[in-house]
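The values are calculated or read from the model by the stated rules, or taken from the named source; none is laboratory data. Please read all numbers here as calculations on a predicted model, not as lab measurements. In this analysis, Cβ positions are derived from the backbone assuming ideal geometry, glycine residues included, and neighbour counts consider all displayed protein chains.
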Amino acid sequence: MKIAVVGTGHVGGALGRRWRAAGHEVVYGSRAGSGMGPGGVSVVPVGDAVTGADVVVLAVPGGAVGEVVAANAAALAGKVVIDAANRFGEPEVNSQAVIAAAAPGAGYVRAFNALGWENFADPPEGAVLFFAADPGARPVAEELITAVGLEPVFVGGAAACGTVDALLPLWFALVQHNGGNRRVALRIAP
């Protein structure tokens, strides 16, 4: 798959590296311009990255998602859009409504928002990643979660974003309980 990772920080960098290692084509999109990004991958303007991609991952600060989506709405049509951003301090932590309003033809996925990036860069054995997705986007989400090294656990359609988001405060509490160790993930016991 051709994956545009919008954002070159810890989350975007960890995901991009793992997907490249799994054989996917990755390009980073940045509002800051062009150059080299995590792992020596090209960084291009967001619009250029999104236009050529099959999948777009939003790994920017939550407050920037609306601007990024609005500026690239037409290019997002028909693509799978993975919302990995958290809009802290807002009534909704996810950007599902913002993305649906700007790009109603995009397949929405809520994933990679409720664990620290350290768990994407080096996944703990047996760790799961809970996600929500539109039906047509679910297979892509499962493939990309698996490629990162986590077990995908589907919790429902895009309306189930709140369920995925509810895991975020749990993860923060577990990190605090473990002395700030961010290498904390969840596992489903048989």
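Before moving on, here are some points about what is shown:
- Qualifying residue in segment 48-56 (condition: assigned to a helix (DSSP H, G or I), within 14 Å of the chain's Cα centre (by Cα) and closer than 25 Å to residue 87 by Cβ): no
- Residue within segment 26-44 that is of a type outside the set (Phe, Trp, Tyr) and within 12 Å of the chain's Cα centre (by Cα) present: no
- When 75, 21 are checked against the criterion of being over 25 Å from residue 96 (Cβ atoms), modelled with pLDDT of 95 or more and hydrophobic (A, V, I, L, M, F, W, C), 21 stands alone in meeting it.
- Residues within segment 86-140 that are in contact with a Phe, Trp or Tyr (Cβ under 9 Å, 6 or more places away or on another chain) and of a type in the set (A, V, I, L, M), tallied: 10
- Applying the condition of being in a strand (DSSP E or B) and under 12 Å from the mean Cα position of the chain (by Cα) to segment 1-10 and asking which residue is farthest from residue 60 (Cα to Cα) yields 3.
- Residue match in segment 76-84 (condition: within 21 Å of residue 28 (Cβ to Cβ), of a type in the set (Lys, Arg) and out of contact with any Ser or Thr (no Cβ under 8 Å at 6 or more places or on another chain)): yes
- Annotation note: Cβ proximity below 6 Å between a residue of segment 111-125 that is in contact (Cβ under 8 Å) with a residue 40 or more places away in the chain and a residue that is assigned to a loop (DSSP other than H, G, I, E, B) and buried (at least 17 other Cβ atoms within 10 Å of the Cβ) (sequence gap 6+ or interchain) occurs for 112/84; 113/84; 113/86; 115/185; 119/185; 123/149; 123/150; 124/185.
- Every residue from segment 45-64 that is of a type in the set (A, V, I, L, M, F, W, C) and under 14 Å from residue 12 (Cα atoms): 46, 49, 55, 56, 57, 58, 59, 60
- Some residue of segment 170-182 being within 30 Å of residue 104 (Cα to Cα), surrounded by 15 or more Cβ atoms within 10 Å (Cβ to Cβ), free of Cβ contacts under 8 Å to residues at least 60 places away in the same chain and not acidic (Asp, Glu): no
- For segment 83-122, the set of residues classified as of a type in the set (Gly, Ala, Ser), under 12 Å from the mean Cα position of the chain (by Cα) and more than 18 Å from residue 174 (Cα to Cα) consists of 84, 85, 95, 111, listed by residue number.
- Members of segment 33-47 found to be in contact with a Ser or Thr (Cβ under 8 Å, 6 or more places away or on another chain) and either part of a loop (DSSP other than H, G, I, E, B) or among the β-branched types (Val, Ile, Thr) (or both), listed by number: 34, 37, 43, 44, 46
- Any hit, segment 11-25, residues being outside any helix (DSSP H, G or I) and surrounded by 21 or more Cβ atoms within 10 Å (Cβ to Cβ): no
- Selection from segment 52-74 of residues that are surrounded by fewer than 21 Cβ atoms within 10 Å (Cβ to Cβ) and farther than 14 Å from residue 25 by Cβ: 61, 63, 64, 66, 67, 70, 71, 73, 74
- Out of 127, 132, 102, 137, one residue alone is within 26 Å of residue 25 (Cβ to Cβ) and in contact with a Ser or Thr (Cβ under 9 Å, 6 or more places away or on another chain). It is 132.
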